[in-house]
Amino acid sequence: KVINEAVPYTIDERAISKSNLNVNRRTGNLILALNSAQSIGCNIENIGNDDLSEGRSHAVLRLVWQIIKVGLFREINIDIHPGIIAIGDESETINDLLRLSPEDILVRWFNYHLERAGSKHRRIRNFTTDIQDSEAYSYLIEQIAPKESGVNSSIPLSTLNIRTISSLIQKEPDLHQRAEKMLLEAEKFDCRAFVSPGDVVKGNYKLNMAFVANLFNTYPALEPITNPIIVDGILEETREEKTYRNWMNSLGVQPYVHYLYSDLNDGLVILKIYDIIQPGCVDWKRVVTNFSERLENCNYCVELGSQLKLTLVGIHGQDIMEGNAFVWQLMRAYTLSILNKLSHEDRQFTDADIINWANAKLKECEKNSSFTSFEDKTLSDGRTIINLIDCVKVGSINYDFLQNATTDEARLSNARYAISMARKAGAEVYALPEDIVDVKPKMMMTIFACLMIKDLGPQQKQNGE
C-alpha cells in the first residue's frame, strides 16, 4: 500500500493476500512488495523477504526510505511543473533544467522563494546545517502558504529584519522552540510532516529533505507558464524511458539516473551496467572521471558493447555523449545474461528460445494458449501471460478475477493483475500493464524472459548448482 501511495497502480490489490496469512501467503506478499519496489527504481540488493518478515531494521528502513523518496520526488520535475523554469538563470536552457536532480530543484526552489521574500543574503545549499535555525524555513513557509491558511505574516528571522516581526517569536532564543513555532505555522496548511523540532535543529538530512519535498508537492507557489513555445519545448518522459530509468536505478548504479538523455552521456553508468552484465569486462583504468574528457568513456562504451555483441552499427562515442544511448540493448543484454547463466549448456538464448519455452510450458500444463511472437496481438488481453504464470507457479492465479477482454478497460484490468502476479511469483518484471495492452514487443520480451528465469532458477537449485 505504501508503494501504491508512492506510484499509484504499481500493485494490483487483487494480488495481495489479506486473509488466512500463513507463512506462504505472507511470503508471497513480501516478494510482491520487493519486486514491485524494484520496478519503481528501488535497489533491493541484500534485502530479502526474510529481512522484512523478521523486522531487520537496517533493511526495512533502507527499503521504506527508498519508496518514500520515489513518491516524494515523482512530480518534482519540469514535466509536471513547467514553472520550475523560473528557478533557472538566463544562461540555462530547458535541457539544463531537465538535467537537475529533484534535490537540486528543491534547493533552487527554496532559494527562489527566499529571494522573493526579500532576503538579499540568506540562501541554502543543503538540508542540514543551513536550515537548523528555522529562519530560512520561516521565510519559505510565509512565502508559499495560501492566504486563507492564517499563517503568521511576521515569522521570526533573528538575523534578517526585512519585515515586521512578532516580538514574541523574535525574542525566542531557543532553537527547538523556534522550530516548533515554525512547524505550527506549517501545520496551519497541513504541511507539518516528517520532521520534529529536534530533526530541524539536528539537521537530519533525509527528514528535512522530505519535509521540503512535501512543501513543494503541496504548495509549489510557482508562476504559471503561459508561453506555449516554452511549454511545447519540454519533453515529457515516455513510459518506456521511465521503465529503463527505473531498471537502471534498481541495479544500484551510481550516479543515480534522473534523466536518460543527460545522465548517461559521460559513459559511467553504461560501463557499470556492462560490469553487471559481464563482471570484470571493464578495464576501469581506462575510465576517466573528468567530465571534459567524457568522450573517451563513450568511445570505450562502443568498443565494449561490440565485444558484448550488442548491435551498435552507426553508433559512435559522440552519439552517446549527445544523449543517444542504446538503453534497450543494455536491458535486453542484462536479461539474457541471467538466462544464459541458468542454462545447463554453453549457449546464448534468443527471442525464439523464450517463445518456444513459453509455448512448451503452456502446452505441458494444458493451458489453451500460445503465441507466435512478442508482437502477437492475442497477447493484449493478458490471458496468455496469466496462464503462463499459473504454469510457473501452479495454483497461484485466481481466475475469478479475470474479465472478458472485450474492452480496453477490461484488458488493462487483466494486464494489471498479470504484472502483479508475475512479481508475486518471483519474476523481476519492470514492464507496465499498458505495455501488455499495447503489445509493446520489447517489454513483452522482458516479461516472458523474466518468467523463464523464474522457472529455470528452482531447477538449478534442485540440481545442486
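Spin-label model, His58/Ala410: points 7 Å from Cα along the beta carbon direction are separated by 5.2 nm.
What is the helix-to-structure angle for 102-116, meaning the angle in degrees between its Cα long axis and the longest Cα principal axis of the chain, kept from 0 to 90 and rounded to the nearest 10? Taking Cα atoms only, the helix is inclined about 20 degrees. Just check segment 285-349 against the gyration tensor rule for me: Cα atoms, a ≥ b ≥ c as the square roots of the eigenvalues, rounded for a/c under 1.5, and otherwise prolate or oblate depending on whether a/b exceeds b/c. Taking the square roots of the gyration eigenvalues as a ≥ b ≥ c, segment 285-349 is prolate.
Which of the three applies to segment 242-319, rounded, prolate or oblate, going by the alpha-carbon gyration tensor with a ≥ b ≥ c and a/c under 1.5 meaning rounded? Rounded, because the longest to shortest axis ratio a/c is under 1.5.
Rounded to the nearest 0.05, what FRET efficiency do Gln307 and Lys341 give with R0 = 25 Å and r taken as the Cβ-Cβ distance? Could you check? The pair Gln307/Lys341 has a calculated efficiency of 0.90. Taking the longest Cα principal axis of the chain as reference, the axis of helix 57-73 is set at about 70 degrees. The residues of segment 283-374 expose on average 58 square angstrom of accessible surface per residue, using a 1.4 Å probe on protein heavy atoms.
To the nearest ten degrees, helix 383-392 and the longest principal axis of the Cα atoms of the chain are 80 degrees apart.
Of interest is the spacing of the C-alpha centroids, which for segment 80-95 and segment 278-317 amounts to 32 Å. Per-residue SASA remark: Phe291, around 110 Å² accessible (1.4 Å probe; ligands, DNA and RNA not included). By the gyration tensor of its Cα atoms, with a ≥ b ≥ c the square roots of the eigenvalues, what is the shape of segment 26-65: rounded for a/c under 1.5, prolate for a/b over b/c, or oblate? The shape class here is oblate.
Other residues with beta-carbon under 11 Å from the beta-carbon of Arg25 carry, at +1 per Lys or Arg and -1 per Asp or Glu, a net charge of +3.
Considering helices alone, the calculated mean residue ellipticity of the chain at 222 nm is -16000 deg cm²/dmol, with DSSP H runs of length four and up weighted by -39500 (n - 2.57) and normalised per residue.
Would you mind checking the pairs Lys361/Lys440; Lys120/Lys147; Lys363/Lys393; Lys367/Lys393; Lys393/Lys454; Lys341/Lys440 and listing those with alpha carbons more than 18 angstrom apart? Check vs 18 Å cut-off fails for Lys361/Lys440; Lys120/Lys147; Lys341/Lys440. As an exercise, identify the GluC sites (Glu not before Pro) in segment 20-107 lying in DSSP coil whose Cβ has no more than 13 other Cβ atoms within 10 Å. Passing sites in segment 20-107 are Glu45, Glu54, Glu90, Glu92. Add +1 for every Lys or Arg and -1 for every Asp or Glu among the other residues with Cβ under 15 Å from the Cβ of Leu295, and state the total. Overall, the nearby charge balance is -4. Partnerless cysteines in the chain, where a partner means another cysteine C-beta under 4.7 angstrom, comprise Cys42, Cys191, Cys281, Cys298, Cys301, Cys450. Ranked by the mean number of other Cβ atoms within 10 Å of their residues, highest first, the peptides 450-456, 422-428 come out as 422-428, 450-456. Loop-located GluC sites (Glu not before Pro) in segment 270-351 (DSSP state not H, G, I, E or B) with no more than 15 neighbouring Cβ atoms inside 10 Å: Glu322, Glu345. All C-alpha to C-alpha distances of segment 224-371, sorted into 5 Å bins beginning at zero, yield P(r) values of 2, 8, 15, 17, 16, 13, 10, 8, 5, 4, 2, 1, 0 percent in whole numbers.
The values are calculated or read from the model by the stated rules, or taken from the named source; none is laboratory data. Keep in mind it's a predicted model, so treat the numbers as computed, not measured. Please note: Cβ atoms are built from the backbone with ideal geometry, for glycine as well, and neighbour counts cover all protein chains shown. When the accessible area is computed, the model is the full protein with side chains, heavy atoms only, and any ligands, DNA or RNA have been set aside. Shrake-Rupley method; radii C 1.70, N 1.55, O 1.52, S 1.80 Å.
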